[in-house]
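Only one structure is covered here, and it is reproduced in the block below.
The values are calculated or read from the model by the stated rules, or taken from the named source; none is laboratory data. As the structure is a computational prediction, the values presented were derived from the model and not from experiment. Every residue, glycine as well, gets a Cβ built from its backbone with ideal geometry; the counts of neighbours run over all protein chains shown. Just the protein is used for accessible areas: all its heavy atoms, side chains included, with ligands, DNA and RNA removed. Shrake-Rupley method; radii C 1.70, N 1.55, O 1.52, S 1.80 Å.
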Amino acid sequence: MEQYSLFDDRKTANPLASRLRPESLSEFTGQEHLLGQGKVLRRLIDSDQIPSMIFWGPPGVGKTTLASIIAGRTHADFVNFSAVTSGIREIKEVMARAEGSRRMGVKTLLFVDEIHRFNKAQQDAFLPYVEKGSIILIGATTENPSFEINGALLSRCKVFVLKALTAEELTGVLKSALKNPRGFGSLDIAMDEDLLHVIAVFANGDARTALNTLEMAVTNGTLEESGRTVVTREIVEQCIGGKALLYDKNGEEHYNLISALHKSMRNSDPDAAVYWLARMLEAGEDPLYVARRLIRFASEDVGMADSQALTVAVNAYQASHFIGMPECSVHLTHAVVYLSMAPRSNALYRAYEHAKADALKQLAEPVPLILRNAPTGLMRELHYGEGYEYAHDSEEKLTHMECLPEGLKGVRYYLPTEEGAERATAERLRQIRQWKGEED
């Protein structure tokens, strides 16, 4: 826990990321959707109407820095509070000091990093002080606050979602680091711009990782007699792993490889699929991105032919989230091989695409009265729900009720195949339509 006023000119000059920490919104990179002119957070800051809020976003996007800048703009004491190292006693001590400052007319902005790590009792300890204005609470979390923050506390805070920085934004940060006197501006450094982009791609949206990697590369650069430090491709390869240089997660190769993986699985070729999986993971691809694509594949290409495929894919995503690389590679391999060998059906994909086309053409088509709820007397007078048949009341659990709009009566969207377990679904659907007297 650290407390200081932002007008106290103390600065640390340790890692590059710390030395280059932005001190104003003009120096801050990214989050234009929140901080651009006219955007909601920018307006709140400019008008000094800062509420308690939660910053939700990935690491290294500026959550702590933004809180510091806000504290400076609001002329508040800034308390940097860590949920990892602080408990109830420390919270009460800080709250007591904040209450004393409030009586003296000084605001206290309490920044809580990793607020999701606080338990319910610790989070509840903030509530009375937030309510009476003793503190302006800014919490930072990489986890969904809807699940990790107490409802009572969350309801008193505005949630702002911060996005990962783009490769272009990170490249700009690295260029500035080479020129800024607080960075390497006083040094003569020779480094190709494409290597800055490589580092930016490797950092995957995290400015702290990008700056730390740049600092490592410069520190290990070759110092010439002239005093110039030369950073070569080989040095950058050593700092981030040479294979990452061959793969731009935002470039064409990214889409080429995921396409190769998808089409290899679709062609029931587990060997090729595992190879393309390894190419992506070893080049630095986010395993969760791969897992998300597998989840899509499970329903788009396997579907009802083997509904267990979706469970396998979702479980692979969860396992990858829990343990990360390199351990999760085996879970993704499990899913890739399973999906490659599963029976094929794209009936669900075709059903939705057909229905989507009709939905877009007939967005104004009213819901049939028979399907509408009638919670009020007026709705019943207007015949809402009139004629509705409750399927569970029949022995067959079926009715002859028409559920499509009049203009789409008889349209078939789901056309099951005879592949795998979908054969049983197709037979069941035939029996249902035969009972209803419908013709395929």
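Checking each residue in the stretch 192-204 for being open to solvent by 30 Å² or more (accessible area, probe 1.4 Å) and not in a loop (DSSP other than H, G, I, E, B) picks out E193, D194, H197, F202.
On the basis of being touching a helix residue (DSSP H, G or I) at 6+ places or on another chain (Cβ under 9 Å), of a type in the set (S, T, N, Q), open to solvent by 10 Å² or more (accessible area, probe 1.4 Å) and at pLDDT 95 or above, does S268 make the cut? No, not satisfied. The residues of the stretch 205-234 that are at pLDDT 90 or above, part of a helix (DSSP H, G or I) and either among the small types (G, A, S) or closer than 17 Å to D194 by Cβ (or both), listed by number, are A207, A210, T213, L214, A217, V218.
Scanning the stretch 23-39 for residues that are without any contact (Cβ under 8 Å) to a residue 60 or more places away in the chain and open to solvent by 50 Å² or more (accessible area, probe 1.4 Å) returns E23, S26, E27, E32, Q37, K39.
The set of residues in the stretch 101-130 that are among the charged types (D, E, K, R), at pLDDT 85 or above and assigned to a helix (DSSP H, G or I) is empty. Annotation: Y349 fulfils all but one of (1) of a type outside the set (D, E); (2) open to solvent by 70 Å² or more (accessible area, probe 1.4 Å); (3) touching a Gly at 6+ places or on another chain (Cβ under 8 Å); (4) farther than 27 Å from S307 by Cα; the unmet one is (4). I'd like to know if the stretch 335-342 contains one or more residues that are open to solvent by 10 Å² or more (accessible area, probe 1.4 Å) and touching a Cys at 6+ places or on another chain (Cβ under 8 Å). Checking the stretch 335-342: not a single residue is open to solvent by 10 Å² or more (accessible area, probe 1.4 Å) and touching a Cys at 6+ places or on another chain (Cβ under 8 Å). Per the listing K243, K263, the residue uniquely at pLDDT 90 or above, over 20 Å from the mean Cα position of the chain (by Cα), within 23 Å of S320 (Cα to Cα) and in a helix (DSSP H, G or I) is K263.
Checked against (1) part of a loop (DSSP other than H, G, I, E, B); (2) surrounded by 14 or more Cβ atoms within 10 Å (Cβ to Cβ); (3) not β-branched (V, I, T), H400 passes all but condition (2).
Only residues that are more than 22 Å from D206 (Cβ to Cβ), out of contact with any strand residue (DSSP E or B) (no Cβ under 9 Å at 6 or more places or on another chain) and open to solvent by 10 Å² or more (accessible area, probe 1.4 Å) were counted across the stretch 40-60, and they come to 6. Scanning the stretch 164-189 for residues that are open to solvent by 40 Å² or more (accessible area, probe 1.4 Å) and among the hydrophobic types (A, V, I, L, M, F, W, C), we see that the one that is farthest from P15 (Cα to Cα) is A164.
Only residues that are open to solvent by less than 20 Å² (accessible area, probe 1.4 Å), closer than 18 Å to A351 by Cα and in contact with a Pro (Cβ under 7 Å, 6 or more places away or on another chain) were counted across the stretch 303-332, and they come to 1.
Look at A309 and say whether it is on the phi < 0 side of the Ramachandran plot, touching a Gly at 6+ places or on another chain (Cβ under 9 Å) and at pLDDT 90 or above. Yes: the conditions hold for A309.
Scanning the stretch 371-386 for residues that are modelled with pLDDT under 85 and within 24 Å of R433 (Cα to Cα), we see that the one that is least open to solvent (accessible area, probe 1.4 Å) is G385. Scanning the stretch 133-163 for residues that are open to solvent by 20 Å² or more (accessible area, probe 1.4 Å), within 22 Å of L41 (Cα to Cα) and in a loop (DSSP other than H, G, I, E, B) yields G133, T142, E143, N144, S155, R156, K163. Being charged (D, E, K, R), out of contact with any helix residue (DSSP H, G or I) (no Cβ under 9 Å at 6 or more places or on another chain) and surrounded by 20 or more Cβ atoms within 10 Å (Cβ to Cβ), is that true of even one residue in the stretch 61-81? Looking through the stretch 61-81, at least one residue is charged (D, E, K, R), out of contact with any helix residue (DSSP H, G or I) (no Cβ under 9 Å at 6 or more places or on another chain) and surrounded by 20 or more Cβ atoms within 10 Å (Cβ to Cβ).
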